[in-house]
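Undergrad: Take this structure first; my questions come after.
The values are calculated or read from the model by the stated rules, or taken from the named source; none is laboratory data. Computed from a predicted model, the values in this text were never measured in an experiment. Cβ coordinates were reconstructed from backbone atoms using ideal geometry, including for glycine residues, and neighbour counts include every protein chain displayed.
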Amino acid sequence: MVAHRVKIVIPEDHRVVVDVPEDLPAGPAELVLEVEEPSSNESEEVVMVQEAKERFEKLADELAADPRSFRDLSPEEREERLRRVMGIGRGLFSSSEEFARRKQEEIELEDRHLGR
């Protein structure tokens, strides 16, 4: 058996056309796709976002139970509400350094897929 490796990137429509070199003999062959598994960071991020969404929804329900508008609250009550809202989202968004690191990893992954 002769092995020939072709690097591809699977597009959004999941359709791939493969042209094999003419020096490969015609006849039966086996096509094997090896894909990298999504990093565990992605699943952790999904969980973190879902948990934050649930916290926001719970807080929204609590705030909706108070018939007073934000303007009708005392300065202390306003500050407390803002602190609660900001606390829920803390840590949800990554720093610019983390964003840059993830982008660099994505570029390296694309380069590997494209054989650069």
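Undergrad: What are the residues in the range 54-81 that are small (G, A, S) and assigned to a helix (DSSP H, G or I), if any?
TA: Taking the range 54-81 as the starting set, the residues that turn out to be small (G, A, S) are 60, 64-65, 69, 74.
Selection gives A60, A64, A65.
Undergrad: While we're on this one: Need pairs with beta-carbon distance below 9 Å; first residue in a helix (DSSP H, G or I) and within the range 24-49, second modelled with pLDDT of 80 or more and of a type outside the set (S, T, Y); sequence gap 6+ or separate chains.
TA: As it stands, the answer is N41/R102, since those pairs meet every condition given.
Undergrad: Could you list, in sequence order, all residues of the range 101-112 that are under 19 Å from E44 (Cβ atoms) and hydrophobic (A, V, I, L, M, F, W, C)?
TA: If the condition is that a residue be under 19 Å from E44 (Cβ atoms) and hydrophobic (A, V, I, L, M, F, W, C), then L109 is the only one that fits.
Undergrad: Condition check: among the β-branched types (V, I, T) and modelled with pLDDT under 85. Does V46 satisfy that?
TA: So V46 fits the description; yes.
Undergrad: Counting just the residues of the range 65-104 that are hydroxyl-bearing (S, T, Y) and modelled with pLDDT of 80 or more, which one comes out nearest to E54 (Cα to Cα)?
TA: S69
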